[in-house]
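We did not get these values from a lab; they are worked out from the coordinates using the rules stated. From a predicted model like this one, the values you see are computed outputs, not experimental measurements. Positions of Cβ are generated from backbone atoms using ideal geometry, with glycine treated the same way; all protein chains shown enter the neighbour counts.
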Amino acid sequence: MARVLDVGGTGLLGQYLGQEALRRGHHVIATHRGRHAPEDERIEWHRLDIRDASAVSALVRSVRPNLVLNAAAITDVDGCEANPDEAKHVNETAAGQLAWSSKQVGAAFVHISTDYVFDGAGPATEDTEPHPLNAYGATKLFGERAVRQAHPDSILLRLSSVFGWNRLSSKTNAVTWILQKLEAGQEVPLFFDQKVTPTYAKTAAEVAFDLWDQHASGVFHVSCPDCASRVELGRAVAEVFQISNPRLHPISVESMALRAKRPLAPCLVVRKVEETLKRPMPTFRACLEDMKATR
Ligand SMILES: NC(=O)c1ccc[n+]([C@@H]2O[C@H](COP(=O)([O-])OP(=O)(O)OC[C@H]3O[C@@H](n4cnc5c(N)ncnc54)[C@H](OP(=O)(O)O)[C@@H]3O)[C@@H](O)[C@H]2O)c1
C-alpha cells in the first residue's frame, strides 16, 4: 500500500484519481480548497491552497507521500485570459513548487497538462512543438517546464476536454453539459469547427497509476483516439444516452466572440501511451457507455 497525495482532489479529475487510488488499495490523502471537506471517510482530507508555498511544503513533509498527483489548476480558459497573473501563480509557479517539495521527500510526481499548449494546426504528438494561443495554454506550458525542472523524473499527462461524472459539484464538462441540455429538451449550441480528442477522467486516472507502476517518466498524451468536432461529440452523447430528437445546433467558434482564442484542432496522438502500456486507449463511445453504466 502506497501513500498517495491527490492535490485538487475535489476537481473532476482529482475525484477519479482518488477513487482509482482507493480501488488499488492505496492510502489516499487529498486536498480541498473550500471550507468543507467532502464526506468520503475513506480519504484523509487536508485543506490547501497551492498558492501558499509554505503550506504546500509543510503538507508534503507531514504526510510523506510515495506519490503526489497534481490535478489542481485554474481551468477556466476565458478566466485565465482575464486574470493571467492568478493563472500563472496556480498553473505555473505553484505547480513547480509542489513538484519541488515532492522531490525533496523522494515522492514520485504526476502532473496534468493540456492539449491547449498547442495551436491546433493539426494532430499533435509528444514531439510536436507547443505553441499556445491563450493565457491558459501558456501558463500550463510554463507549468510543465517548471515541473520538469523541479522534478526531472515526473510523469506529465496532457489531456483534452476532460469528461466524466462530477460527484462533488454541479460544475459540468464536455459531456455532462451536453447531456444536461439534451435531457432538458434544450437546444445545444456546439462548435462544428473545433475538433478535439476528449479524455475520460477515469482513463486518465488509470493511466496515471499504470505509468507510475512502470516507473515511466516524461510527457504522455492521454485521450480517446477519436478526433471529432463538438457536434460529432454531441451526436455520440445523444445516441449512447438514447435521447430522441436531439436539438444539436452547429455554430462556429468565431460566432461566440470568446475572450481567449481557441485552437481549432488540438487533437492528441496517443500512440506513445498505447505502446508504453501495450493497450489501446478506449474510444469516445466506449467511455460514454462506461459513464452510462456508472451513472
Ligand atoms: N477541464 C478540461 O477540459 C481539461 C482539459 C485538458 C486538461 N485539463 C487539465 O486537467 C487537470 C484537471 O482538470 P479538471 O477538469 O479536473 O478541473 P477542475 O474540475 O476545474 O478541477 C480543478 C481543481 O483545482 C483546484 N484548484 C484551483 N485553484 C487551486 C488552488 N489555488 N489551490 C488548490 N486547489 C486549487 C480546484 O479547487 P476549487 O474547485 O476549490 O477551486 C479544483 O479542485 C488540470 O490540470 C487541467 O489543466 C483539463
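Counting other C-beta atoms within 10 Å, and keeping those with at most 14, which DSSP coil GluC sites (Glu not before Pro) do you find in region 1-62? Write out the running numbers ahead of the final one.
Values: sites: E20, E39, E41, E44; in loops: E39, E41.
Qualifying residues, ordered by number: E39, E41.
Applying a 4.7 Å cutoff between beta carbons, the unpaired cysteines of the chain are C80, C224, C287.
If you model region 40-123 as an ellipsoid using its alpha carbon gyration tensor, with each semi-axis the square root of five times an eigenvalue, the axes come out at 26, 15, 13 Å, biggest first. With the cut-off at under 19 Å, measuring from each backbone N in region 245-280 to a point 7 Å along the Cα-to-Cβ line of E239 picks out 245-250. With a Förster radius of 25 Å applied to the beta-carbon distance between D78 and R145, the computed FRET efficiency rounds to 0.60. With all pairs of different C-alpha atoms in the average, the Kirkwood value for the hydrodynamic radius of the chain is 19.3 Å. On full extension, the segment bounded by H249 and Q214 gains 8.2 nm, given 0.36 nm per residue less the C-alpha separation. The magnitude of the dipole of region 225-268, with charges of +1 and -1 set on the Cβ of Lys/Arg and Asp/Glu and taken from the Cα centre, is near 240 debye.
With point charges of +1 on the Cβ of Lys and Arg and -1 on the Cβ of Asp and Glu, referenced to the Cα centre of the chain, which listed residue (A265, G9, A204) lies farthest in the positive direction of the dipole? Ranked along the dipole, the leading option is G9. Only lysine pairs 8 or more places apart, or on different chains, with alpha-carbon atoms under 22 angstrom apart are counted in the chain, and they number 19.
Charge dipole of region 28-67 (Cα centre as origin; +1 on each Lys and Arg Cβ, -1 on each Asp and Glu Cβ, all else neutral): 180 debye, rounded to the nearest 20. Split the chain at each of the chymotrypsin sites (Phe, Trp or Tyr not before Pro) in a DSSP loop with at most 16 other beta carbon atoms within 10 Å, and the longest piece is 1-164. Each of W165 and R42 was given a label point 7 Å from its Cα along the Cα-to-Cβ line. The distance between the two points is 1.3 nm. GNM remark for the chain: springs join alpha carbons under 10 Å apart, and the peak mean-square fluctuation among A260, A58, A108 falls on A58.
Suppose R0 equals 22 Å. What FRET efficiency, 1/(1 + (r/R0)^6) with r the Cβ-Cβ distance, do A184 and R33 give to the nearest 0.05? With a Förster radius of 22 Å, E is 0.15.
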